[in-house]
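The values are calculated or read from the model by the stated rules, or taken from the named source; none is laboratory data. All values derive from a computational prediction rather than experimental measurement. Cβ: placed from backbone, ideal geometry, glycine included. Neighbour counts: every protein chain shown.
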Amino acid sequence: MIFSIHGMDVNNSRTWIMPQLLSRIIRGNPDRRGTVQKLRQMIPVKWRHAIKQRLPFRFRRWLTRYWRVGGYKWETTRAFNLFSDTQGWVRINLKGREALGIVEPGEEYEAFCQQISEGLKTFRDADTGEPFIKDIVRPHQVFEGERLADLPDLIVRWTETPAAMHRAVSSPQFGTIPWPTPGQNPEGRSGNHRSQGMLIAAGKDIKSGTIKDAHILDLAPTILTLLGQPVPAEMEGKPLRL
């Protein structure tokens, strides 16, 4: 058996502009990034990587943490962008859950999530007018379990089009945001992970054909079944009919 838990395709991630998108929707401010952040964006990615590799490991870790979550004024921050390589992740600064939460649970929380979702969907490619957000979901819509509160409050899934095609994105309500590196992705990668993986299997008890409607959770039960071993009750997947 040969399998991959995820696939690869063109890089469609727009996570690099998520902070600016949120800033426009929540505060109506064109750009809340600090001067240091703006200067960083002016330095080519390969230069930044070359410099970072020459720094002590602990300082590199500190820099990574600073670029991703530094600079927030938590007493006034109602929502923030969690770093993600693929989907956009929005976390609400919820009172009683976050250390310095300010958004009230219940009606205020639900209305705020709705406000952000509707605002994000107003943004489109500035030149073509095409949407770049496929959908926005809440964790309970796609996941189950006791740790849902540890996940982002909103998960933004992008359209399949390459992110590098943008010159800018715009909204009739919130204005225009330039793409950091028109024609390419800020991190320099033309491809990125996708949720569709693959499985190739061969053997005397495996039939030829295509497997449909399979899930990564089905891999372990399938392997155990092929080995003639019992499948533990706690496993969520099901043995595939190979």
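Annotation for segment 194-213: at least one member residue is part of a strand (DSSP E or B) and under 30 Å from Arg124 (Cα atoms).
Per the listing Thr77, Thr128, Thr122, the residue uniquely over 27 Å from His193 (Cα atoms) and part of a loop (DSSP other than H, G, I, E, B) is Thr77.
Under 22 Å from Leu21 (Cβ atoms), modelled with pLDDT of 95 or more and part of a loop (DSSP other than H, G, I, E, B) - does that describe any residue in segment 138-149? There is at least one residue in segment 138-149 that is under 22 Å from Leu21 (Cβ atoms), modelled with pLDDT of 95 or more and part of a loop (DSSP other than H, G, I, E, B).
Of the set (1) free of Cβ contacts under 8 Å to residues at least 40 places away in the same chain; (2) out of contact with any His (no Cβ under 9 Å at 6 or more places or on another chain), all apply to Gln87 but (1).
Which members of segment 214-236 meet the condition of being surrounded by 15 or more Cβ atoms within 10 Å (Cβ to Cβ), of a type outside the set (S, T, N, Q) and not in a loop (DSSP other than H, G, I, E, B)? Across segment 214-236, the qualifying residues are Asp218, Leu219, Ala220, Pro221, Ile223, Leu224, Leu226.
With the structure loaded, tell me whether Asn192 is of a type outside the set (A, V, I, L, M), farther than 28 Å from Thr76 by Cα and in contact with a helix residue (DSSP H, G or I) (Cβ under 7 Å, 6 or more places away or on another chain) or whether it fails that test. Taking the combined requirement at face value, the residue does not satisfy it. From the list Ser208, Ser171, Ser195, the lone residue that is in contact with a Leu (Cβ under 9 Å, 6 or more places away or on another chain) and either farther than 16 Å from Trp16 by Cβ or without any contact (Cβ under 8 Å) to a residue 12 or more places away in the chain (or both) is Ser171. State whether one or more residues within segment 162-170 are loosely packed, with under 12 Cβ neighbours inside 10 Å and outside any strand (DSSP E or B). No: zero hits.
Output the residues belonging to segment 204-233 that are charged (D, E, K, R) and at pLDDT below 90. Before the answer, list the steps.
First pass over segment 204-233, keeping only residues charged (D, E, K, R): 204-205, 207, 212-213, 218.
Residues satisfying the conditions are Lys204, Asp205, Lys207, Lys212, Asp213.
Screening Thr181 with (1) closer than 30 Å to Glu98 by Cβ; (2) surrounded by 11 or more Cβ atoms within 10 Å (Cβ to Cβ) gives one miss only, at (1). Kindly indicate the residue of segment 81-112 that is of a type in the set (A, V, I, L, M, F, W, C) and part of a loop (DSSP other than H, G, I, E, B) and also nearest to the chain's Cα centre (by Cα) among those meeting that condition. Per the criteria, the residue is Phe83.
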